[in-house]
Every structure is written in structure tokens, then in C-alpha cells.
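Below is one structure, written out as C-alpha cells, with a few remarks after it.
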Amino acid sequence: MQIRKVRPADAAAIAAIYNHYVLETAVSFELQPVAVQEMRRRIAEISRAYPYYVCEEGGAVVGYCYAHAWKERPAYAQTFETTVYVAPGCRRRGIGRLLMERLVADCRAAGCHALVACITAENLQSVAFHSRLGFARASLFRQVGRKFGRWLDVVDYEMLLGE
């Protein structure tokens, strides 16, 4: 396994991983699959200003993670939101941890003070994963998203990186 910076050519693999979660789970609140061209645009926009990594194994992208602005106002400039996804057949192999450890280290080096992970409350695997990484629950928003005909709660987990 190799963690490396994202490339535009990774867009199709990233879209395939992400679209599984869009179509099959309530992990993402997007309702329609993301086209490869749109994913390429998102990658370019995010990676221009924030860390964005993929995990590659045997030449295939098996996971990805990135940070981005948590909120737009200047006072929030040192708080980033994190995102991590692992290909469905590759979960529980440490890929997410490797990606997030690299992301946290780079966010810290970039002067980030706080990281926020926004998680669908019923996604207990992600809650446990972020807790093991050192994130702590900071909020609960009840019934703020609707997908698959159900109202969904969201929890925010935060990690303070220090001065």
C-alpha cells in the first residue's frame, strides 16, 4: 500500500468508490452519483488549497481522504473538515487509518488548529473509527438530512491539533 497525493487521473476511481456510498448508503447525503468530470473538478478545487491523498494498492486506488474548509468565514480559516472513504471490498484493512494519519499530520503542519468530521449518526463504524483516531463528539444535529425516505441525524466529531 502506498499513500500519495491525488492526481487528476484518479477521478474515475474516486468517483467509483464514492458513488457506492452515494447509491447504497446514508453515509453521504448526496442523492445522485457524481460524474467523473465533476469529481475531477472537485479534486482540482480542493487539492489546490488542502491536502488530498489516495491509497494505492497494486496500481489501484482503494481509498482516499482530504481536508477542506469547514466554514467560509475568515475566523474559521484554521479549522478544516475531513473526508475519508475506502473501497467497499477493502475496508477493515487499515487503509482509512493510514490515510487519516497522513492527513492529520499534514493538517497540523499546515497550521490547522481543529479538524471536524461530519458523520451520519447511524454510521457507528465511522464514529468508532474517528474515536480511535482521537476525535471527540462535539455535536448532534437531529433529522437534518433526508435520504431513502428517512430523516437522518448528523454528529460532528472534532480533533484539536494544538497551537
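With a Förster radius of 30 Å, plug the Cβ-Cβ distance of residue 12 and residue 76 into 1/(1 + (r/R0)^6) and report the FRET value to the nearest 0.05. Let's see the in-between values first.
On the way: r = 32 Å, r/R0 = 1.08.
Efficiency, from the Cβ-Cβ distance: 0.40.
From largest accessible area down, sort 139, 47; use a 1.4 Å probe on the protein chains.
The most accessible residue leads, giving 47, 139.
Would you please name the GluC sites (Glu not before Pro) within the stretch 24-55 that are DSSP coil residues with at most 13 other C-beta atoms within 10 Å of their C-beta?
Qualifying residues, ordered by number: 30.
Using only C-alpha positions, report the orientation-averaged shadow area of the convex hull of the stretch 1-81, nm², one decimal. Present the calculation step by step, with values, prior to reporting the outcome.
Numbers: hull surface 23.6 nm².
The Cα convex hull of the stretch 1-81, projected and averaged over all directions, gives 5.9 nm².
Give me the orientation-averaged projected area of the Cα convex hull of the chain, in nm², one decimal.
9.3
Just to confirm, what accessible area per residue do you get for the chain at 1.4 Å probe, in whole Å²? Please list the in-between numbers first.
Working: 8950 Å² over 163 residues.
For the chain, the per-residue accessible area is 55 Å².
Pull out a ≥ b ≥ c, the square roots of the eigenvalues of the alpha-carbon gyration tensor of the stretch 55-146, then state rounded if a/c is under 1.5, prolate if not and a/b is larger than b/c, and oblate in the remaining case. Don't skip to the answer; put the middle values down first.
Values: a/c = 1.93, a/b = 1.23, b/c = 1.57.
Oblate, since a/c reaches 1.5 and b/c is not below a/b.
Sticking with the crude label model, points 7 Å out along Cα→Cβ, report the distance from residue 44 to residue 151 in nm, one decimal please.
Label at residue 44, label at residue 151, 4.1 nm between them.
State the extension gain, in nm to one decimal, for the chain segment bounded by residue 122 and residue 97, taking 0.36 nm per residue of separation less the distance between their alpha-carbons. Write out the running numbers ahead of the final one.
Values: separation 25, 0.36 × 25 = 9.00 nm, distance 2.02 nm.
So the extension gain works out to 7.0 nm.
Would you work out what percent of the accessible area of the stretch 1-150, with all protein chains in place, is carbon or sulfur (probe 1.4 Å)?
Values: 4210 of 8240 Å².
Carbon and sulfur: 51 percent of the exposed surface of the stretch 1-150.
The values are calculated or read from the model by the stated rules, or taken from the named source; none is laboratory data. Remember, it's a predicted structure, so these values are computed and weren't measured experimentally. Please note: Cβ atoms are built from the backbone with ideal geometry, for glycine as well, and neighbour counts cover all protein chains shown. Please note that ligands, DNA and RNA were not included when accessible areas were found on the heavy atoms of the full protein model with its side chains. Shrake-Rupley method; radii C 1.70, N 1.55, O 1.52, S 1.80 Å.
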